[in-house]
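Trainee: Structure in structure tokens, see below.
The values are calculated or read from the model by the stated rules, or taken from the named source; none is laboratory data. All figures in this text were calculated on a predicted structure; none of them were measured in a lab. Ideal geometry is used to build each Cβ from the backbone, glycine not excepted, and the neighbour counts take in all protein chains shown. The area values use the complete protein model at the heavy-atom level, side chains included, leaving out ligands, DNA and RNA. Shrake-Rupley method; radii C 1.70, N 1.55, O 1.52, S 1.80 Å.
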There are 4 protein chains.
Amino acid sequence: MSEVLKSTRVGIVGAAGDYGEELVRRTLIHPHAELTAVTSRQYAGKTIAEIFPKFGQYELARELAFIEPDIDQLAESCDVVFLALPHGVAAEFATPLFERGVPVIDLSADFRLDSDEVYQEFYGSPHPAPELLKEAVYGMPEINREKIATARLIASPGCYPTSILLPILPMLKAGLIKSTGIIADSHSGVSGAGRKAEIGYLFVECNESIRPYGVPKHRHLSEIEQELGKGAGEPVVIQFTPHLAPVNRGILSTLYLAPSRKFKTDEEVKQLDQEIHSCYQRAYYEEPFVRVLEGGALPDTKNVVGTNMLELAWRLDPRTGRLVVMSAEDNLVKGASGQAIQSFNIMFGYPETAGLI
Amino acid sequence: MSEVLKSTRVGIVGAAGDYGEELVRRTLIHPHAELTAVTSRQYAGKTIAEIFPKFGQYELARELAFIEPDIDQLAESCDVVFLALPHGVAAEFATPLFERGVPVIDLSADFRLDSDEVYQEFYGSPHPAPELLKEAVYGMPEINREKIATARLIASPGCYPTSILLPILPMLKAGLIKSTGIIADSHSGVSGAGRKAEIGYLFVECNESIRPYGVPKHRHLSEIEQELGKGAGEPVVIQFTPHLAPVNRGILSTLYLAPSRKFKTDEEVKQLDQEIHSCYQRAYYEEPFVRVLEGGALPDTKNVVGTNMLELAWRLDPRTGRLVVMSAEDNLVKGASGQAIQSFNIMFGYPETAGLI
Amino acid sequence: MSEVLKSTRVGIVGAAGDYGEELVRRTLIHPHAELTAVTSRQYAGKTIAEIFPKFGQYELARELAFIEPDIDQLAESCDVVFLALPHGVAAEFATPLFERGVPVIDLSADFRLDSDEVYQEFYGSPHPAPELLKEAVYGMPEINREKIATARLIASPGCYPTSILLPILPMLKAGLIKSTGIIADSHSGVSGAGRKAEIGYLFVECNESIRPYGVPKHRHLSEIEQELGKGAGEPVVIQFTPHLAPVNRGILSTLYLAPSRKFKTDEEVKQLDQEIHSCYQRAYYEEPFVRVLEGGALPDTKNVVGTNMLELAWRLDPRTGRLVVMSAEDNLVKGASGQAIQSFNIMFGYPETAGLI
Amino acid sequence: MSEVLKSTRVGIVGAAGDYGEELVRRTLIHPHAELTAVTSRQYAGKTIAEIFPKFGQYELARELAFIEPDIDQLAESCDVVFLALPHGVAAEFATPLFERGVPVIDLSADFRLDSDEVYQEFYGSPHPAPELLKEAVYGMPEINREKIATARLIASPGCYPTSILLPILPMLKAGLIKSTGIIADSHSGVSGAGRKAEIGYLFVECNESIRPYGVPKHRHLSEIEQELGKGAGEPVVIQFTPHLAPVNRGILSTLYLAPSRKFKTDEEVKQLDQEIHSCYQRAYYEEPFVRVLEGGALPDTKNVVGTNMLELAWRLDPRTGRLVVMSAEDNLVKGASGQAIQSFNIMFGYPETAGLI
């Protein structure tokens, strides 16, 4: 943006879901965002504070009411629109808004893939707007900051992909690990399932339960492998197992990687460890929302929940020749709405941490 | 045992900890066990029901009081003694009881390893009774049932090892998978940490938290690799990452294995899948406490908590060439006290499910 | 029953809900119950073990399949039928089964009230079978054991009422407390809401939440006040506030009562305390499923969950002149299915603890 | 303060406990607070970010290290000092700091009571600094805003008292309820117990547990009754039962009150309801941190956790003649550190919501 607006008018479509709620929270406290439209078919006519009493302390939340989603109204009242909708549905809004010149930040999977064929393979139906795919920028600031700055359509990354890509990409780009044999084992809180009234997400079904799901071909694989492939400069296929754990928020990913060279002796371990350290420092030292843990600390979801931070740590295992990297993030913040706000800040020239700290 | 006793007098040392409590529960409802001694330094003089009100419905629990641990008293009043003690301490009781001819079922790690050198490497101190190691039988009924029947010293397996060995061993023995490159990613409930008053296990530190620990060389590796090595007929080194999740009980292990042969086409997948199915059927069809899930079901800790059952399922991934096996168990039952009762039943000639169903 | 059957054929209608599941568990382990019919519209054709993998260790659960509810089939194959259905629906089954001479144990509210007018007031619709009300016995063994023994229609008590009536009735009958000014403040686990796919019972809506509901006129009031009135010999009106807390199971009720006489001095306190103690001892000393806590102990739901036990303790407060009684139970066991099994045992002449210990 | 400082240097003694941690969070984001000293005997020498990785995104947290508590150093480097210490210990710091003219905001119970005799009765030891009691102002902004503005020693209210006093005081002052017969039934999250390594607060002891404690004479009664007495203009004695529920944060209080006049007919109910509504509106309409719920909504701790908001709702029950008021707050924020920050803002002339929104 050539000129930085003091305040930007923001619309949120699907504002009553989990992602929408977190977007509302962040824009309410954002010094440069002015929330002008929130849509929800279910709650049209109710104020934000009526549906989310926790926002009742904000005057705007007591005044602004949900509306039925309407392209005209959104285009008129907003300088940018966030889409917090299921995949497939998001494109129905993205296309007309984009055509009218309204920048769109889409939190669904609709514009994350470069190929409509891969979309069809993983999402089971033809892509709803293939012509827009080339316009979309994958909204991960740590790897695409410059493209985000000039984008008009942001495909904000998925929660699992964020927790997996940020730890792996620097290793892969630096050639410190092989691009083969990668395994990602992830555990997510229940908010990742969205606010759907399904038996499987009832309290008594999730409490005191740990369980895998979507094995072995979860949809997020398409996006993870695409971005890893770009980092590696060659196609990458990985193993990914998501699990559900009884916490509201948080994803813990444990990643099994194969360093490019052997390390057996203490000296070799020390040397490789130092190179990994340097690589992460180069990648993330100046990043406000990636924390590389030092000393004996390991990631813990409770340390990042409610924040836009992803934290990571690694351990070399000379017994097996593997590198184990662990990451923790809040699936609704850095894994979704917080990262989308980061893109918004970059697009509109605001400090990247605005609304996020 | 040549002759089956109608009832066997049972002692439990360390009966007030988590493992001890579960042993007490199982012996109270056991048709052939008569609980005659429970020890606890902390609670000596109190009845079982005073310390564990939940057992107040059992008359014996209202009458039997904890005593200070005493070898003479245990040897006189018990036909068998369970040790629910920390490693290192258990051997202090196992040695004199064994010498007096009292059969011992030890739930600690003290007698699980064949080699005192490996013990020293993983537990950080010399083995307290190396001469007894050759007497001990690894108390996993599914692989050692005959040896258990005549043993006088049972080393009951660890919780993580049980959740990892039972799914992997049949595959390894049948040659269906390679013995290299094995990864075990496990998530445990907090009871696995024992009843220790440490900050890290407080409610507010564990609730809403998922975190790895003991990376990359957890003590249980020694026992897992030893038993996998026996199954494979050659040394096995694996990657193992334990995590803590906010449930009281339960371990979910996700295991990444490499089938011995390639499978890419649908036909190859189907063929290998069928062989795996047959292999698990042969191994576990008649086992009362291993459930091989069919159809679309995946393991879930909530389905096994409170029971002595381990459930498992597998998925072949032709994209990566890997076999993913998932298991769920109750870390305090099949992972500890329930499995120990299974050994007790085998040793004394009782139905293997007595007290466990 | 003049003659005790070695085994009784049991049917469960609505066997796939929370109450039904607990009834299934209890009959599977019951030495004198033979489960011959389980109905579920949703799961007809599936075996018990398919729907509830946790019961997979029982052969019967792997063989017996759910059927569509059918009066003829139930009447032929069962000696007694449990109804685990919503109020209003239960009567549709109770009436024809009762008419055919099949004893019915109903866990719904349909037959708990003596008056169809009170039913209409609290449940908002005319009673579906008023002519049967006089046949029904309120199935609380501690107060109605003799009537239960000869009943053909049991109205098994509600979960909240059980947690409130058992602590209060002995005090009221002994004249130790006034029948006015009673307050019951109760907190229940989420399983009390049944297995309904509603937003309000999703994990993320219940976890990290404590909230009141149904204030000030919850339906269970009708049943509580009716039974308290019988105990007092005069109409009783109480204040009752239910809350939802993030546990799977358990009800903790804190009851505020007014002793009939003043107690200010230490001597008066001691004297009254002793009388309360004696009263509870008389009422419950021989009861297998009510535990009166002594010493400093206070009730805790975790001590009763999974059992048919209700535990209670009391404190006199000379500062306020009040008696505070606290109780804990498992809402699905003593508060529902366990208590129903108790009635079953009494009706058919089995030991009252069969299947419950 | 005659002149408002742009920034105020803040010290926190006992900064590594739960209250301290929340104070650190709030001062880190506070536009006018500059954190200059944080003390912790246990962690002296470590930076804030080392002990609380979640604050790692704040530069100051990565730089400022905990120090041993030292009066000289605090007096020199701070314009105000928060004490987040156990009762009894707080006075040891408050006295010398006060004497040196450093304003003190004490979160302990040490200065909340006007009478050292009542302190001795409820806290079991002589008051450590009785001469300072008359200097202290009870730091509840909604009732003492003017006194707070000029105070040099703030006794910040307890968590339970806040949840009870804010709903009751307006009713009492307006004469709408009697001052007798008040009952407060409260359920608190586990963080209320502080970060103490005690068995009773371990995850497995609190998870799946609801339990009362401190019955019938909890220490907070002294403070609650003192402040209610001031509101009523006469001594008040109430019944108070605290419970522990398995959430990290939050207090839900259900209050049973007796309106001063009868209400039976619909008209009388409506009239009284309207008066209560008006009374709460007068009291709290302009308060930023008390939310009076309208319509069918009832308080829920999850709606206030992480915020400085207390929310309340009421219901009249013509059946019993009682008024039931329910409130929810975050015990660590409005119940402790947030309210203390409110006092800080008032004392130093900052917007009352600074650092709290």
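Trainee: Can you check what the net charge comes to around B:GLU352, using other residues whose Cβ is under 11 Å from the Cβ of B:GLU352 (Lys, Arg +1; Asp, Glu -1)?
Mentor: -2
Trainee: Sorted from largest down, what three extents in whole angstroms do the Cα atoms of region D:194-258 have along their principal axes?
Mentor: So the extents along the principal axes, rounded to whole Å, are 45, 23, 20.
Trainee: While we're looking at this one, here's another question. Taking 7 Å along the Cα-to-C-beta vector as the label spot, tell me the D:ARG195-D:GLN42 distance in nanometres, rounded to one decimal.
Mentor: 0.6
Trainee: Can you give the FRET efficiency for A:GLN73 and A:SER125, using 1/(1 + (r/R0)^6), R0 = 30 Å, r = Cβ-Cβ distance, to the nearest 0.05? Mind dumping the intermediate values first?
Mentor: Values: r = 28 Å, r/R0 = 0.95.
In this case the efficiency is close to 0.60.
Trainee: Give me the Debye-computed log₁₀ of I(q)/I(0) at q = 0.10, 0.13 Å⁻¹ for region D:1-113, equal point scatterers on Cα only, no solvent, two decimals.
Mentor: For region D:1-113, the Cα-only Debye profile gives -0.26, -0.45.
Trainee: Report the Cα-based extents of the protein assembly as shown along its three principal axes, largest first, to the nearest Å.
Mentor: Extents along the principal axes, in whole Å: 89, 83, 64.
Trainee: Also, quick follow-up: Quick one: how many Å² of C:SER191 are accessible to a 1.4 Å probe, rounded to 10?
Mentor: Ignoring ligands and nucleic acids, C:SER191 comes out at about 10 Å².
Trainee: If I histogram all Cα-Cα distances within region A:71-130 using bins 5 Å wide from 0, what percent of pairs lands in each bin?
Mentor: 4, 21, 29, 22, 13, 7, 4, 0
Trainee: Turning to a different aspect of this structure: Hey, what angle do you get for helix A:220-232 against the long axis of chain A, alpha-carbon based, 0 to 90 degrees rounded to 10?
Mentor: 60
Trainee: Please provide three numbers in whole Å: the alpha-carbon extents of region C:62-205 along the principal axes, with the largest listed first.
Mentor: If we take the Cα atoms of region C:62-205, the spans are 50, 46, 34 Å.
Trainee: Among the GluC sites (Glu not before Pro) in region C:174-238, which ones are in a DSSP loop with at most 12 other Cβ atoms within 10 Å of the Cβ? Mind listing them?
Mentor: C:GLU198
Trainee: Moving on to the next point. Working from Cα positions, state the angle (0 to 90°, nearest 10) between the long axis of helix B:338-347 and the longest principal axis of chain B.
Mentor: Taking the Cα atoms of chain B, the angle to B:338-347 is about 70 degrees.
Trainee: List the aspartates and glutamates whose alpha-carbon lies under 12 Å from that of D:LYS54, not counting same-chain residues fewer than 8 positions away?
Mentor: A:ASP300, A:GLU311, A:GLU329, A:ASP330, D:GLU21, D:GLU22
Trainee: Looking at chain C, what % of its DSSP beta bridges pair antiparallel, to the nearest 5?
Mentor: If we restrict to bridges inside chain C, about 45 percent are antiparallel.
Trainee: Another one. Any chance you could look up the accessible area of D:LEU28 with a 1.4 Å probe, heavy atoms only, rounded to 10 Å²?
Mentor: 30
Trainee: Just the number please: accessible area per residue for the protein assembly as shown, 1.4 Å probe, all protein chains included, in Å².
Mentor: 35
Trainee: So how compact is region A:212-357: Cα radius of gyration and Dmax in angstrom?
Mentor: 16.7, 50
Trainee: Rounded to two decimal places and with Rh computed the Kirkwood way over Cα pairs, what is Rg over Rh for region D:147-212? Show your work: numbers first, answer last.
Mentor: On the way: Rg = 17.0 Å, Rh = 15.4 Å.
In region D:147-212, Rg relative to Rh is 1.11.
Trainee: Would you please give the FRET efficiency between D:GLU34 and A:HIS277, computed as 1/(1 + (r/R0)^6) with r the Cβ-Cβ distance and R0 = 30 Å, to the nearest 0.05?
Mentor: 0.35
Trainee: Leaving ligands, DNA and RNA out of it, work out the accessible area of D:ARG315 with a 1.4 Å probe and give it in Å² to the nearest 10.
Mentor: The accessible area of D:ARG315 comes to roughly 50 Å².
Trainee: Right, another one. Within straight cross-link reach of A:LYS264, meaning Cα distance under 19 Å, which lysines are found once same-chain residues fewer than 8 apart are removed?
Mentor: A:LYS178, B:LYS217
Trainee: Quick check: Cα centre of region C:264-328 to Cα centre of region C:1-74, how many Å?
Mentor: Here the answer is 37 Å between Cα centres.
Trainee: Using 0.36 nm per residue, how much length does the chain from A:GLU117 to A:TYR285 gain when fully extended, once their Cα-Cα distance is taken away?
Mentor: Here the segment from A:GLU117 to A:TYR285 would lengthen by 56.8 nm.
Trainee: Here's something else I'd like to know. Between the helical axis of D:18-28 and the dominant principal axis of chain D, each derived from Cα atoms, what acute angle in degrees is found, rounded to the nearest 10?
Mentor: In chain D, helix D:18-28 runs at an angle near 70 degrees to the longest axis.
Trainee: Still on this structure, I have one more. Quick check: at a probe of 1.4 Å, how many percent of the accessible area of region D:47-203 sits on carbon and sulfur atoms?
Mentor: C and S fraction of accessible area: 49 percent.
Trainee: Going by Cα centres, region A:173-249 and region C:121-157 are how many Å apart?
Mentor: Comparing the Cα centres of region A:173-249 and region C:121-157, I get a distance of 52 Å.
Trainee: Longer than 29 Å from Cα to Cα, which of D:LYS262/D:LYS302; A:LYS196/D:LYS270; A:LYS262/B:LYS262; C:LYS262/D:LYS262; A:LYS196/A:LYS230 are they? Say none if no pair is.
Mentor: D:LYS262/D:LYS302; A:LYS196/D:LYS270; A:LYS196/A:LYS230
Trainee: Amide H of A:ALA258: which non-local residues (sequence gap of 5 or more, or other chain) have their own amide H closer than 5 Å, using H built in the peptide plane?
Mentor: When sequence neighbours closer than 5 places are left aside, the close amide H contacts are A:LYS178, A:LEU323.
Trainee: For region C:244-271, state which residues have at least 40 Å² less accessible area in the presence of all protein chains than in their chain by itself, taking the probe as 1.4 Å and leaving out ligands, DNA and RNA.
Mentor: The answer is C:PRO246, C:VAL247, C:ASN248, C:LEU252, C:TYR256.
Trainee: Equivalent ellipsoid semi-axes for chain C, as square roots of 5 times the alpha carbon gyration tensor eigenvalues: give them largest first, rounded to whole Å.
Mentor: 35, 21, 20
Trainee: Over region C:169-281, what lengths in whole Å, largest first, do the semi-axes of the equivalent ellipsoid take, defined as the square roots of 5 times the eigenvalues of the alpha-carbon gyration tensor?
Mentor: Values for region C:169-281, descending: 33, 17, 11 Å.
Trainee: Let me ask something else. Once R0 is set to 41 Å, what does the formula 1/(1 + (r/R0)^6) return for the Cβ-Cβ distance between B:ARG261 and D:ALA297, expressed as a FRET efficiency to the nearest 0.05? Present the calculation step by step, with values, prior to reporting the outcome.
Mentor: Working: r = 62 Å, r/R0 = 1.51.
Given R0 = 41 Å and the Cβ-Cβ separation, E is 0.10.
Trainee: Net charge within 10 Å of B:THR254 by Cβ-Cβ distance, Lys/Arg positive one each and Asp/Glu negative one each, not counting B:THR254 itself?
Mentor: -2
Trainee: Here's a follow-up. Taking amide hydrogens as modeled 1.01 Å from N in the peptide plane, which residues meet the under 5 Å criterion relative to C:GLY139, leaving out close sequence neighbours?
Mentor: HN-HN under 5 Å from C:GLY139: C:ALA155, C:SER156.
Trainee: To the nearest hundred square angstrom, how large is the accessible surface buried between A and D, total for both chains, probe 1.4 angstrom?
Mentor: 1400
Trainee: Hey, how many Å between the Cα centroid of region C:336-357 and the Cα centroid of region B:329-357?
Mentor: Value for the Cα centre distance between the two parts: 27 Å.
Trainee: Would you calculate, for chain B, the mean residue ellipticity at 222 nm contributed by helices, counting each DSSP H stretch of 4 or more residues as -39,500 (n - 2.57) and dividing by all residues, to the nearest 500?
Mentor: -9500 deg cm²/dmol
Trainee: Near C:SER343, within a Cβ-to-Cβ distance under 15 Å, what is the net charge of the other residues, with Lys and Arg +1 and Asp and Glu -1?
Mentor: Details: positive: C:ARG26, C:ARG112, C:ARG145, C:LYS147, C:ARG152, C:LYS334; negative: C:GLU22, C:ASP79, C:ASP106, C:GLU135, C:GLU142, C:GLU146, C:GLU287, C:GLU352.
Charge balance in the 15 Å sphere: -2.
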